[in-house]
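The values are calculated or read from the model by the stated rules, or taken from the named source; none is laboratory data. Treat the numbers as computed from the prediction; the structure is a model and nothing was measured. Quick note on the areas: whole protein, heavy atoms, side chains included, nothing else; ligands and nucleic acids left out. Shrake-Rupley method; radii C 1.70, N 1.55, O 1.52, S 1.80 Å.
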Amino acid sequence: MPTSRTPWIRLHLTALRLLLVFTVICGLAYPLLITGIAQSAFPRQANGSQLEHHGQVVGSGLLGQNYNLPEKNPNDPKEQPRPDPKWFQPRPSAAGTGYDPTASGGSNLGPDDAALTKTVQDRRAAVAAFDGVDPAQVPPDALTAGGSGLDPHISPAYADEQVNRVATARGLDPVAVRRLVEQHLQGRDLGFLGQPRVNVVTLNLALMRLG
């Protein structure tokens, strides 16, 4: 004999069945379908755009990384990382100690912040001395960190500024190094979105293969 509780039980059983159906569809079937399509059509991108050298993964084309000299004293917290002149250097990063994917983010300092102003001035002097150029020639992306702290790209101007320093440090012809930069120049997306750029990670990988 029906009771006053019967509609309540039926309502909850219906809700439970819907929960199970949509769990299977949205939680299993749809992710498996999209994963299958991605692995079939875009396997490289679906697996993180990994970059390999001699069969070993050395990075991702989507994430920047530091190119520093080995630390003289790893146990000294006051020791500052020193950029390696043999590599093209990325733009500054405020993500952890630099390009840390677990601490993605910018400095969140405004343009009128005194600390940011001093940091930019110090970076301008350091980059100019490192690349052997006039401080007025240093492009903005060599002085300021990106919003995510993980962007692997730099401007063509910053890449060009580093050519002579990299070529000298490696004993290579600057013309060959500049040609390598030109080969890795990426234009605007769809012809009008963003700015021309150079991926430092893929550029340095090509430089590693060059010698």
Q) Tell me, what is a quarter of the convex hull surface for the C-alpha atoms of the stretch 18-122, in nm² with one decimal? A) 12.6
Q: At 1.4 Å probe size, with every protein chain present, just tell me what the per residue accessible area of the stretch 42-106 comes to in Å².
A: 65
Q: Starting from the amide H of N68, placed 1.01 Å from N in the peptide plane, find each other amide H under 5 Å away whose residue is 5 or more places distant or on another chain.
A: D84
**Q.** Computed over the stretch 144-197, the ratio Rg/Rh where both radii use C-alpha atoms and Rh is Kirkwood
**A.** 1.05
Q | Span per principal axis, largest first, for the Cα atoms of the stretch 97-211 (Å) | A | 42, 35, 29
Q. Under 5 Å between amide H atoms, partner at least 5 residues away or on a different chain: which partners does V58 have, H built in plane at 1.01 Å?
A. L51, E52, H53
Q: Calculate for the chain the 222 nm mean residue ellipticity that helices alone would give, adding -39,500 (n - 2.57) per DSSP H run of length 4 or more and normalising by residue count, nearest 500 deg cm²/dmol.
A: -13500 deg cm²/dmol
Q: Taking the Cα atoms of the chain, report the difference between the largest and smallest coordinate on each principal axis, in whole Å and largest first.
A: 92, 43, 43
